[in-house]
Amino acid sequence: MRSITETIIRHKKLVVLLFFVLAAVCALLSLGVTINYTFIDYLPKEAQSTEALDILENEFSQGVPNTRVMLEDVTIEEALSYKEKLMSIDGVSDILWLDDVMDLKTPLETADGDVAADYYNDGSALFSLTIEKGYEVSATEAIYELIGEDNALSGSAVNTASLMNLTGNETKSALIILLPVIILILLLSTSSWLEPALYLIAIGVSVLINMGTNVIFKEISFVTNSISPILQLAVSLDYAIFLLHSFEAFRQKTDDVNEAMRLAVRKAFSSIAASAATTLFGFLALVFMNFRIGADLGIVLAKGIVLSFLSVMLFLPPLTLLCLKLIDKTRHKKFLPHGNRVGRIVPKLGIPALIIVALLIAPSFLAQSRNNFSYGTSLISSESRSGRDTEKINEQFGQSTVIVLLVPRGDPARENLLSQTLEAQPHVTGVISYATAVGPELPDSFLDSTVTDQFYSENYSRIIVYTDTADEGDLAFSVVEQVQDTARSYYGDTIYSSGQSVTIYDMKNVVTRDNQLVNFIAIGAIFLVLLVTFRSLTLPVVLLITIETAIWINLSYPYFTGSQLVYIGYLIINTVQLGATVDYAILMTNHYIMNRRTLPKKKALKETFGQVFGSILTSATILSLAGFALNITSSNQIVADMGLLLGRGAIIAFLMVLCFLPAALTLFDRVIQKTTIRTGFLRSDKQ
């Protein structure tokens, strides 16, 4: 590292220029990164709903109905006219309405009231549409223009369109809120008006490079696109802070600024590398999720951490030296209190902190796994037009979810029996199949292909089942199981099903299996990094207990307050908070070990607080505010939940590292000596 540092210092102007050019190129490349807004694409290929969707795309021209349009105060004739106009919109591939399930020549008064009411009720008409993938934004905009403000539009395609319209703007909004606050915090915690700019430039360059290099992937998810820039910025600012604090310390010891930077890089390297490694492995644990959106986020964040580390080690030193005169001209006193004052107060909180944690650890661990979870993709705020329209449609026609069944073709009689059995089941409001729409007695060879292609492909029969449940929840999932079990009773395991509730049901089964695996991998990997870093059997356990307890307390909060939590956010934040906040514990422990070599444990602890309090406070505050900024600005429930959990989690982790960890280090001081290789602690007879 010393030879590399000497090289970059010798060629500092060239290094700085290269990084700026690379950042500019990557900023342009980031505009070409494809964003995926469809959750189902991240389910495992072997998930039956994924296989069902593949069959539908390959063998049928009609997709799964994914949009509902309600028109108020229209006659039957006006509704039919609107149906034609809706069908003419690019991207609308199929429309189902009353004329598809009954003969409109029959007076509604003599028709099946329940069937008619599902499509036409008190002068309001409800259409079921299929909007093709890739047309969500253009098709919904055209439908809004056609139906106006007084009518309603909802469904998963509408939610996808809303996400596509909002995600980029919301990330910018979060940064607009966050950056001024970060600058203010850094101004308060540094001794130069220019230093905050150096921190943000160093990490900002790595964020731009990370965003641009995402072009190597076929696509990234909208969750990754929303979260990764802000999370990378918040998590890796630590590295820049650690390095420049070390540089300031060595400037007090030598007049040669180049030598001070060499020494600073050498001293800070191990702490920054350990922090980066734990964060890196925490993010990489997400790669092992079967629900591939975790791998998508984990790879991009891990790449970002590596780039941030390289930027701080290779770009920030020459940039700082080039700006040194300006740094010195813009000096000011530090506004934050010195850590020594805190070091006199906090040790008195050690015993209460140990008692409180001992009382909270078991209930928090149990509560965090028993939260009221949601798993779905209907994640747009109820305050949006889509949310309001959904409530409006549900009030008029009730909730409705579509399940598309695919069964082997070739047995019309069995298909008819299955349709009749499904129609008789609770919460099934209608079944549309060849048998119900045409009749099993009429051979499909007698009909035009435009009719039969709606129901038959070369290998499968398509049956549409309408239910009166929400997209998800215990009732919705039980109906999915009920429909699947009924179909299997007629066809065995040769059936497939698709639809919003089916997709969420499969998602629930996949992500709940992911939880233990991902946590085990993250904790195991970070334990190994800490084991190598500290060469100790005790310290990794102490540090992991500190951060894991903070995570459990954070995730148990929704349980005790009775609020709902999106499971994907819960799963991802487990590893993200672990990787992001274990840095605080590493920094505290590193300095405590170094100080214990020359000081007794109480004085070492006080000295440690003086050295690290400002850095940890600054880092935790920035990470917390980054989370809250995501929560405030995002209309997507996953991103909003993750932001809230991250913001609250950073505060809890800060308090745990500030109060519990020092007490644990001093309590187990003798055990740490005996289980750590060459600690060099000051012997007790010299204390």
Gyration tensor over alpha-carbon atoms, the stretch 595-687, equivalent ellipsoid semi-axes in Å: 38, 13, 9
Largest first and in whole Å, what are the equivalent-ellipsoid semi-axes of the stretch 410-503 based on the Cα gyration tensor, each being the root of 5 times an eigenvalue? 24, 13, 12
Hey, which lysines would be in cross-link range of residue 674, C-alpha to C-alpha under 18 Å, not counting anything within fewer than 8 residues on its own chain? 601, 686
What's the longest piece of the chain with no exposed GluC sites (Glu not before Pro), counting a site as exposed if DSSP puts it in a loop and it has at most 11 other beta carbons within 10 Å? 150-382
Residue 331-residue 385 FRET efficiency (beta carbon distance; Förster radius 51 Å; 0.05 resolution): 0.45
What are the ³J(HN,Hα) values, in whole Hz, obtained from phi via the Karplus relation 6.51 cos²θ - 1.76 cosθ + 1.60 with θ = phi - 60°, for each residue of the stretch 83-91 in sequence order, with x given for Gly and Pro? 4, 5, 5, 5, 5, 7, 6, 4, x
Cα-based count: Lys pairs in the stretch 55-176 below 28 Å, eight or more positions apart or different chains? 5
Let me check against my output: what whole-number percent is the relative contact order of the chain, with C-alpha pairs under 8 Å and at least 6 apart? 19
Provide the per-residue ³J(HN,Hα) series for the stretch 634-639, in order, calculated from phi with Karplus coefficients 6.51, -1.76, 1.60 and θ = phi - 60°, each as a whole number of Hz, with x at glycine and proline positions. 8, 8, 8, 5, 5, 5
Give the range of the longest stretch in the chain that excludes all trypsin sites (Lys or Arg not before Pro) found in loop regions by DSSP and having at most 10 other beta-carbon atoms within 10 Å. 371-677
Under a 1.4 angstrom probe, counting protein chains only, how are 28, 188 ranked by accessible area, largest first? 28, 188
Give the angle, between 0 and 90 degrees and rounded to the nearest 10, that separates the Cα long axis of helix 500-534 from the longest principal axis of the Cα atoms of the chain. 10
Projecting each Cα onto the charge dipole of the chain (Lys/Arg +1, Asp/Glu -1 at the beta carbon, about the Cα centre), which of 79, 532, 640 comes out farthest on the positive side? 532
Between helix 293-310 and the chain: long-axis angle, C-alpha atoms, 0 to 90°, nearest 10: 30
Rank these by accessible area, largest first, 1.4 Å probe: 97, 552. 552, 97
Fully extended contour minus Cα-Cα distance, from residue 356 to residue 266, at 0.36 nm per residue: 28.5 nm
Over the stretch 1-155, with a single point scatterer placed on each C-alpha, what log10 of the ratio I(q)/I(0) does the Debye formula yield at q = 0.10 1/Å? -0.56
So what are the ³J(HN,Hα) numbers for the stretch 402-418, from phi and the Karplus equation (6.51, -1.76, 1.60; θ = phi - 60°), rounded to whole Hz, Gly and Pro as x? 9, 10, 9, 9, 10, 10, x, 7, x, 9, x, 5, 5, 4, 5, 5, 4
Which of 11, 245 is most accessible, then next, and so on - probe 1.4 Å: 11, 245
Using protein chains only and a probe of 1.4 angstrom, how many square angstrom of residue 427 are accessible, to the nearest 10? 70
What do the square roots of 5 times the Cα gyration tensor eigenvalues come to for the stretch 480-606, in whole Å, largest first, as semi-axes of the equivalent ellipsoid? 46, 16, 9
Dipole magnitude of the stretch 362-442 about its Cα centre, charges +1 at Lys/Arg Cβ and -1 at Asp/Glu Cβ only, in debye to the nearest 20? 280
Heavy-atom surface of the chain, accessible at 1.4 Å and reported per residue (Å²): 42
0 to 90° range, to nearest 10: angle between helix 539-561 axis and the chain longest Cα axis: 40
Any idea of residue 208's accessible area? Nearest 10 Å², probe 1.4 Å. 70
Listed by chain and number, the aspartates and glutamates with an alpha carbon less than 15 angstrom from that of residue 334, same-chain partners under 8 positions apart left out, are 195, 248
Might you report the magnitude of the Cβ-based charge dipole of the chain about its Cα centre, with Lys and Arg at +1 and Asp and Glu at -1, to the nearest 20 debye? 7840
Length gained, residue 395-residue 34, 0.36 nm per residue minus C-alpha separation, equals 126.2 nm
Mind jotting down a quarter of the surface of the convex hull over the alpha carbons of the stretch 163-289, in square nanometres, one decimal? 9.5
Value at 222 nm in deg cm²/dmol, rounded to 500, when DSSP H runs of n ≥ 4 in the chain each add -39,500 (n - 2.57): -21500 deg cm²/dmol
Across bins of 20 angstrom width beginning at 0, how are the C-alpha pair distances of the chain distributed, in whole percent? 17, 43, 26, 13, 2, 0
Per the 1.4 Å probe, what fraction of the accessible area of the chain, in percent, lies on carbon and sulfur atoms? 58
Would you pull out the residues with amide H under 5 Å of residue 429's amide H, same chain only if 5 or more places away, H placed 1.01 Å from N? 466, 467, 468
Plugging the Cβ-Cβ distance of residue 88 and residue 61 into 1/(1 + (r/R0)^6) at R0 = 22 Å yields, to the nearest 0.05, a FRET efficiency of 0.85
When the chain is fully extended, how far beyond the present Cα-Cα distance does residue 528 get from residue 560, taking 0.36 nm per residue of separation? 8.2 nm
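The values are calculated or read from the model by the stated rules, or taken from the named source; none is laboratory data. Just so it is clear, the structure is predicted and the values come from calculations on it, not from any experiment. Counting neighbours? That spans all protein chains shown, and the Cβs are built from the backbone with ideal geometry, glycine included. Just so you know, the surface numbers come from the protein's heavy atoms only, side chains and all, with ligands and any DNA or RNA stripped out. Shrake-Rupley method; radii C 1.70, N 1.55, O 1.52, S 1.80 Å.
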